[in-house]
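First up is the structure itself, then whatever we jot down about it.
Every number in this text was worked out from the coordinates using simple rules, so none of it is lab data. These numbers come from a predicted model, not from an experiment. No Cβ is skipped: glycine too gets one built from the backbone with ideal geometry, and neighbour counts run over all protein chains shown.
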């Protein structure tokens, strides 16, 4: 039986939890199924993240031309670095055209949107960027994760774990997904209950400031994309 | 006001979610407090993990001799690689003696136990290794996270996120912790509900097989520790 490879895309300034949450879930299925996980990047060299460590992907884009599935992580600035890379975007466009599914976590969906992959589809992203999806022809949906055809998108950062468990069941079976949940001892107990949404306005302003300051530099060669993310 | 540095320890074969969950939470506090996060390892070079990517820590042990706090991640084999490293264990012992708190995620608590840091204390770990803590004079407690004096230990893998939010509130205030929760959009919705504990027996056997096979090699120079982890 041939293996089904799920490629996780690595690029500068990703939020590592976006990557690691679903990767840890799906990697746990390797012993239980024909699924295999891999990370892909431009080069097999250290890539900066938004945490104080760097990540070295396992393979180059060229080495994984036709993955079975693709997951794109996000970050505050990471997705814009992804959009600025012609090599990444070229690979993603080609790979998405043959993949059985394309997924994203957090603002990774903006990268899919920039490629036109969300046009006419329901999708989600980190709460702070949700309205932006409409500028790319998508229907923004507030959900922990959203499936539409062969595209699955998760909400912000930690939502990738929930999405990956749902995806795990779809790709294998619920029993295997529950084994992954057991391995990760995933029975969350947020100590302060649900999210305090009243804090979102000041945070949005602070995050918007960082993006507004950095974006013209990161997307200097992509004016049409820069315009889409203008305030 | 001097900064308070929290050092996250990197060593071979860690489970990245153990590291990244709490690091992503505590790093979110950097703009809101005097807390700073860093990763430390033997060398600033790529280190293998149990996922298909490597991690490059930001600093060497020597560069961060007296952190304010320490967090030790776990893994199936990672903690034994940590115990086998005299440089890591020497640094951890010295750093723990001056730190305000020492924490662990998953089987990272076994590393603390091996140093005698859990003697007479209540502590937790990944469900699969919970009974082992008693062999080091600790009282095993099944909890999402367990605090005893200046030691805080989390259950398996994903529990590090919950522990870090509780820790964030203790180190700063509840409002800052809730901002971190909002940034991470942490409002979990495990798609299949609570953990299916009935799957633990076969999983324990499979994991035990891996450990039994690898441990004599990893701990070949630490016979007294090897004996503590014998079946």
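Most mobile of A:196, A:180, A:212 per a Gaussian network model of chain A (Cα springs, under 10 Å)?
A:196
So what is the relative contact order of segment B:4-191, in percent, for Cα pairs below 8 Å that sit 6 or more residues apart?
On the way: 413 pairs, mean separation 41.9, N = 188.
Once normalised by length, the contact order is 22 percent.
For A:157-167, what's the mean count of beta carbons from other chains sitting within 10 Å of each residue's beta carbon? Don't skip to the answer; put the middle values down first.
On the way: counts 8, 12, 6, 1, 10, 6, 2, 1, 4, 4, 1.
Partner Cβ neighbours, averaged per residue: 5.
Using the 7 Å Cα-to-Cβ label point, sort the distances from residue B:214 to its equivalents in the other copies shortest first and give them in nm to one decimal.
Sorted ascending, the copy-to-copy spacings read 3.4 nm.
So if I take the centroid of the Cα atoms in segment B:138-158 and the same for segment B:82-112, what is the distance between those two points in Å?
Here the two parts' Cα centres lie 15 Å apart.
Need the full-extension length gain, residue A:100 to residue A:30, defined as separation in residues times 0.36 nm minus the C-alpha distance. One decimal, nm. Intermediate values should be presented prior to the final figure.
Working: separation 70, 0.36 × 70 = 25.20 nm, distance 1.81 nm.
Roughly 23.4 nm would be gained on extension.
Once you keep just the Cα pairs under 8 angstrom separated by 6 or more residues, what percentage relative contact order results for segment A:87-185? Please report the intermediate quantities before stating the final value.
Details: 149 pairs, mean separation 23.8, N = 99.
Averaging sequence separation for qualifying contacts and normalising by length gives 24 percent for segment A:87-185.
Report, for residue B:150, each distance to the same residue's label point in the other copies, shortest first and in nm; define the point 7 Å along Cα→Cβ.
So the distances to the same position in the other copies read 5.7 nm.
Give me the percent of DSSP beta bridges within chain A that run antiparallel, rounded to the nearest 5. Walk me through the numbers before you get to the answer.
Working: 6 of 27 bridges.
Among the beta bridges of chain A, antiparallel pairing accounts for roughly 20 percent.
Restricting attention to the alpha-carbon atoms of segment B:151-231, what are Rg (one decimal) and Dmax (integer), both in Å?
Every Cα atom of segment B:151-231 included, Rg and Dmax give 18.5, 48 Å.
By counting other Cβ atoms within 10 Å of each Cβ, how are B:62, A:18 ranked from fewest to most? Intermediate results must be reported in sequence, preceding the final value.
Working: B:62 10, A:18 33.
Taking fewest neighbouring Cβ atoms as first place, the list is B:62, A:18.
Provide, as a two-decimal number, the C-alpha radius of gyration of the protein assembly as shown over 2.2 N^0.38 Å, N being how many residues it has.
Details: Rg = 21.1 Å, N = 462, 2.2 N^0.38 = 22.6 Å.
So the protein assembly as shown has a normalised radius of gyration of 0.93.
Could you list A:10, B:47 in order of exposure, starting from the residue whose Cβ has the fewest other Cβ atoms within 10 Å?
Numbers: A:10 26, B:47 22.
Sorted ascending by nearby Cβ count, the order is B:47, A:10.
Can you sort B:39, A:124 so the residue with the fewest Cβ neighbours within 10 Å comes first? Spell out each step's value before the answer.
Working: B:39 24, A:124 27.
If I rank by nearby Cβ atoms, fewest first, I get B:39, A:124.
Going 7 Å from Cα along the Cα-Cβ axis for the label, what nanometre distances separate residue B:4 from the same residue across the other copies?
When each copy's label point is compared with this one, the spacings are 4.7 nm.
Stokes-Einstein D for segment A:4-191 at 25 °C, 0.890 mPa s, Kirkwood Rh over Cα pairs, in µm²/s? Display every interim value, and only then the final one.
Working: Rh = 16.1 Å.
Translational diffusion coefficient: 152 µm²/s.
For the residue pair residue B:86 and residue A:230, what label-to-label distance in nm results when each label sits 7 Å from Cα along the Cα-to-beta-carbon direction?
Between residue B:86 and residue A:230, the simple spin-label model gives 6.5 nm.
Just round it to a whole percent: the fraction of Cα-Cα distances in segment A:106-149 exceeding 11 Å.
Numbers: 524 of 946 pairs.
Cα-Cα pairs in segment A:106-149 separated by more than 11 Å: 55 percent.
Taking springs between alpha-carbon atoms closer than 10 angstrom, which of A:206, A:99, A:138 fluctuates most in the Gaussian network model of chain A?
A:206
Quote the relative contact order of segment A:1-62 in percent (integer), defining contacts as alpha-carbon pairs under 8 Å separated by 6+ residues.
Numbers: 102 pairs, mean separation 23.3, N = 62.
After rounding, I find 38 percent.
Comparing B:217, B:15, B:125, which has the greatest mean-square fluctuation in the GNM of chain B with Cα pairs linked when under 10 Å apart?
For chain B, modelled as a Gaussian network with Cα springs under 10 Å, the answer is B:217.
Length gain on complete extension for the stretch residue B:119 to residue B:205, per 0.36 nm per residue less the alpha carbon to alpha carbon distance?
On the way: separation 86, 0.36 × 86 = 30.96 nm, distance 2.77 nm.
Taking residue B:119 through residue B:205 to full extension adds about 28.2 nm, to one decimal.
Of all DSSP beta bridges located in the protein assembly as shown, what percent are antiparallel, nearest 5? If you can, show how the numbers build up before the last one.
Working: 17 of 59 bridges.
The antiparallel fraction comes to roughly 30 percent.
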